[in-house]
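S.K.: My structure is below; once you've seen it, I'll send some questions.
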Amino acid sequence: MKKKIVYEIKALYRDDLRITGYEFGKGKKSVCIVGCSRGNEVQQLYVCSQLVKRLKKLEEEGKLTAGHRILVIPSINPYSMNIKKRFWPTDNTDINRMFPGYDLGETTQRIAAGVFGAIKDYTYGMQFTSFYMPGRFTPHVRMMKVGYEDVELAKQFGMPYVVLRNTRPYDTTTLNYNWQIWDTKAFSIYTATTTQIDRESAAQAIRAILNFLAKQGILTYHGHDGYRSMVVEDTDMVPVRTKTAGIFEGIVRVGEEVSKGQPLANILDPYEGEVKEQLTAPVDGIVFFAHDDPLTYANTAVYKLITREA
Amino acid sequence: MIKTICSVGLPVDETLEIRKRRITPTGRKGEKKQLKRISVVTGIHGDELEGQYVCFQLARRIKAEKEKLTGIVDLYPAMNPLGIDSITRGIPAFDLDMNRLFPGNRDGDMTEYIAAKIMEDIDGSEVCIDIHASNIFLTEIPQIRINELHKEKLIPLARHTNVDFIWVHGASTVLESTLAHSLNSRGVPTLVVEMGVGMRITRNYCDQLVEGILNLMREMGMWQGETLTPRVPIISENYQDVSYLNASTSGIFVPEVKHWERLKKGDLIGNIIDPLKGQVLDEVIAPVDGILFTIREYPVVDAGSLLGRILRQEALAGSAQEE
């Protein structure tokens, strides 16, 4: 294992910003794994730290295939994490909306350019990312439909689901999109949480990555083979939206099977405690995403269900 | 008349309402459906306040000579009321840039729903002015920014608005989700004004734009009152016209020149200093001849922070500024 600084900026009063990478093996640039890009992505940091620990051990045991290089960058934004802010400390920009970056541009454009310059030539790229709404996910691999995404390859992670979604205008500046444009086979990996550590789904994600790398001949790993992934289009998921705002009382959890008409959650009056609204399952399905904030706004998709037909 | 265009309940004893003020000509009730309408929008970014004074003054000017009004004026001073009232640029709680949500979705999340309702309400306007105030970091000369995709339609309108500068920029996929792009794509000509600085009101810029909006309304047949002859703006359509000054290092930026000042290549624009060590870390030097139309307002800079923009001398040739 070689620890190296991928990118660095000198600060006025704070310690310098260092983006640190961990390199395993020597040879062609085979795999790059990026953890958190936002300051609240603690689970993403945790997963990477555990992965670094595992890869270090595998390397010591001689289980990495010669000729392959693996780079893990646990965080491309330690500055925000240290002050508990989601986006960049000064101008609130999102580094994951700055790719491929610009080395003569603004600070976060420079960070993106510095990082991207170091990671763009890898064959496989994996990023642990997060959703902007508070909630828990069923662990999955997410891919943007850019025209040459490789769904069969994504299934080799053995995660329960591979989710495909159409690109939106803002996607063109994400790391995942730009990796794909630069011919890296890129995958976003979602575990259950963001701001809280969830050890179970973190372990599942690590197994998935090691399985994937083993299938590509990059290392030797004999673990649980994982799932036969189900491929789901984002548009096929059924959102369950609140009509009203209030205290959110979830009844079902991520991964549960639900039947049409089954109560999913209550929205309570925040002062009088009465049930203002009960949300029920509009279809038979499996809970893919569940809101986990104690309050909810109106019009909010607090659950996303995968139907059996999907 | 004040009308709520969108209303959403918040979790605890509060309703988020987006309101507009409609000013209509007096005594033309039968014709109202045929009247042209101008929408003046501001406050999409909660830390940009220049538009607050523009809305206030525009309404006063129109009310003072209401008989001269021949069109409908819709004023939307607070598109992001939670942001304005909490000194937050984006939509609080979601940390989303509201100007990346358009055209929105009626069946989407709260923020998308609000964006869709705003679009519905402005739709049908003859013209829309979306007033921005840069951000807290940079001061801008009154200018209109136009996506090159819409320049044929928008430059002639922008010329009437009494701004100093019209900047035609390249199309960018990310900007497709702005209010202006969405309205322009839907056939509502929308001009984006950038002027002043975040969290402040620059009265002379606001007054300048109020004159410009009245002049535009006059040109479009919505206002019969007297207006000033508008300034002749510098128009830049070539991306090479603009030279960007980015900080070479982190520090405290102290300018040595004034905003909108003519510069010669080699002039000292300012210093980046380190107060702890008592050192000048870098001298910021003008890389080209031109005029400084953007200047850093907020002193703390990181490596890469924008310190200013210079419109090159070549782009000024033939403009009013040369006279």
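S.K.: As a test of the formula, what do you get for chain A when each DSSP H run with n ≥ 4 contributes -39,500 (n - 2.57) and the sum is divided by the residue count, at 222 nm and rounded to the nearest 500 deg cm²/dmol?
M.R.: Dividing the helical sum by the residues of chain A leaves -6500 deg cm²/dmol.
S.K.: With the radius of gyration and the Kirkwood radius both derived from the Cα set of the stretch A:184-310, what is their ratio Rg to Rh?
M.R.: Computed over Cα atoms, the ratio is 1.07.
S.K.: Greater than 20 Å separation of Cα atoms is the criterion. Which listed pairs, A:Lys4/A:Lys155; B:Lys20/B:Lys63; B:Lys63/B:Lys117; A:Lys85/A:Lys120, meet it? Show your work: numbers first, answer last.
M.R.: On the way: A:Lys4/A:Lys155 32 Å; B:Lys20/B:Lys63 16 Å; B:Lys63/B:Lys117 27 Å; A:Lys85/A:Lys120 27 Å.
Too far apart for the 20 Å limit: A:Lys4/A:Lys155; B:Lys63/B:Lys117; A:Lys85/A:Lys120.
S.K.: Principal axis lengths of the stretch B:60-205 from Cα atoms, whole Å, largest first?
M.R.: 41, 36, 32
S.K.: Hey, another quick one. Measuring from label point to label point, each 7 Å out along Cα→Cβ, what is the B:Arg186 to B:Glu314 span in nm?
M.R.: 4.0
S.K.: Taking every residue in B:89-97, how many Cβ atoms of other protein chains lie within 10 Å of its Cβ, on average?
M.R.: Going residue by residue through B:89-97 and averaging, the value is 3.
S.K.: May I pose another question? If packing is taken as the average count of other Cβ atoms within 10 Å, what order do B:215-226, A:35-46, A:266-277 fall into, highest mean first?
M.R.: A:35-46, B:215-226, A:266-277
S.K.: Okay, next question. Provide, as a two-decimal number, the C-alpha radius of gyration of chain A over 2.2 N^0.38 Å, N being how many residues it has.
M.R.: Values: Rg = 20.2 Å, N = 310, 2.2 N^0.38 = 19.5 Å.
Dividing the Cα Rg of chain A by 2.2 N^0.38 Å gives 1.04.
S.K.: Can you pull the mean other chain C-beta count within 10 Å for peptide B:167-179?
M.R.: On the way: counts 0, 0, 0, 0, 0, 3, 7, 7, 2, 4, 3, 1, 0.
The per-residue average across the peptide is 2.
S.K.: Counting only Cα, what are the radius of gyration and maximum Cα-Cα distance Dmax of the protein assembly as shown, in Å?
M.R.: 26.9, 89
S.K.: With a 10 Å Cβ neighbour count serving as the proxy for reagent exposure, in which order, fewest first, do B:Arg60, B:Arg186, B:Arg296 appear?
M.R.: Lowest count first: B:Arg60, B:Arg186, B:Arg296.
S.K.: For the stretch A:2-233, what does the relative contact order come out to in percent, with C-alpha contacts under 8 Å and a separation of six or more? Please list the in-between numbers first.
M.R.: Values: 502 pairs, mean separation 50.7, N = 232.
Relative contact order of the stretch A:2-233: 22 percent.
S.K.: Out of A:Gln204, A:Asn299, A:Thr184, whose Cα points farthest toward the positive end of the dipole of the stretch A:178-310 (charges: +1 Lys, Arg; -1 Asp, Glu; placed on Cβ)?
M.R.: The listed residue farthest towards the positive side: A:Thr184.
S.K.: Report, to two decimal places, the Cα Rg of chain B normalised by 2.2 N^0.38 Å (N = number of residues).
M.R.: With N residues counted in chain B, Rg over 2.2 N^0.38 Å equals 1.04.
S.K.: Hey, rough spin-label estimate for A:Thr235 and A:Asp15, points 7 angstrom out along Cα→Cβ, what's it come to in nanometres?
M.R.: 4.8
S.K.: From the residues B:Ala171, A:Val258, B:Ala247, which one has its Cα farthest along the dipole of the protein assembly as shown in the positive direction, the dipole being from +1 and -1 charges on Cβ of Lys/Arg and Asp/Glu about the Cα centre?
M.R.: Farthest towards the positive end: A:Val258.
S.K.: OK, next. Using only Cα positions of the stretch A:237-307, each an equal point scatterer, no hydration layer, compute I(q)/I(0) via Debye at q = 0.22, 0.23 Å⁻¹ and quote the log10 values to two decimals.
M.R.: Values, matching the q order: -0.85, -0.92.
S.K.: At B:Asp107 and A:Ser259, where each label point lies 7 Å from the Cα along Cα→Cβ, what is the point-to-point distance in nanometres?
M.R.: 2.7
S.K.: With charges set only on the Cβ (+1 for Lys and Arg, -1 for Asp and Glu), what does the dipole of the protein assembly as shown come to about its Cα centre, in debye to the nearest 20?
M.R.: Once rounded to the nearest 20, the dipole reads 640 debye.
S.K.: Return a whole-number percent for the relative contact order of chain B, with Cα pairs under 8 Å and 6 or more residues apart as the contact set. Could the numbers behind the result be given before it?
M.R.: Working: 775 pairs, mean separation 52.6, N = 323.
16 percent.
S.K.: Compute the long axis of helix B:203-219 from its Cα atoms, compare it with the longest principal axis of the Cα atoms of chain B, and write down the angle in degrees, 0 to 90, nearest 10.
M.R.: With both axes taken from Cα atoms, the answer is about 50 degrees.
S.K.: Using Cα atoms only, what is the angle between the long axis of helix A:42-60 and the major principal axis of chain A, expressed in degrees (0 to 90) to the nearest 10?
M.R.: Relative to chain A, helix A:42-60 is tipped by roughly 40 degrees.
S.K.: What is the mean projected area of the alpha carbon convex hull for the stretch B:240-322, to one decimal in square nanometres?
M.R.: 5.2
S.K.: Running Debye on the stretch B:36-123 with equal point scatterers at the Cα sites and no solvent, what base-10 log of I(q)/I(0) appears at q = 0.16, 0.18 Å⁻¹?
M.R.: Once normalised to I(0) and log-transformed, intensities are -0.68, -0.81.
S.K.: With charges set only on the Cβ (+1 for Lys and Arg, -1 for Asp and Glu), what does the dipole of the stretch B:2-236 come to about its Cα centre, in debye to the nearest 20?
M.R.: 1080
S.K.: Here's something else I'd like to know. Ignoring everything except DSSP H segments at least 4 long, calculate the 222 nm mean residue ellipticity for chain B; use -39,500 (n - 2.57) per segment, divide by total residues, nearest 500.
M.R.: The helix-only estimate for chain B comes to -6000 deg cm²/dmol at 222 nm.
S.K.: Restricting attention to the alpha-carbon atoms of the stretch B:185-258, what are Rg (one decimal) and Dmax (integer), both in Å?
M.R.: When restricted to the Cα atoms of the stretch B:185-258, Rg and Dmax are 17.6, 53 Å.
S.K.: Angle check, please: helix A:107-119 long axis (alpha carbons) against the longest principal axis of chain A (alpha carbons), in degrees 0 to 90, nearest 10.
M.R.: The angle comes out at about 60 degrees.
S.K.: Moving on to the next point. What is the P(r) of the stretch A:105-220, as percent of Cα-Cα pairs per 10 Å bin from 0?
M.R.: Result returned by the calculation: 13, 42, 37, 8, 0.
Bear in mind these aren't lab numbers, they're just calculated from the coordinates by the rules spelled out. This one's a predicted model, so the numbers in the text were calculated from it and none came from an experiment. Note that each Cβ is placed from the backbone with ideal geometry, even for glycine, and that neighbours are counted across all protein chains shown.
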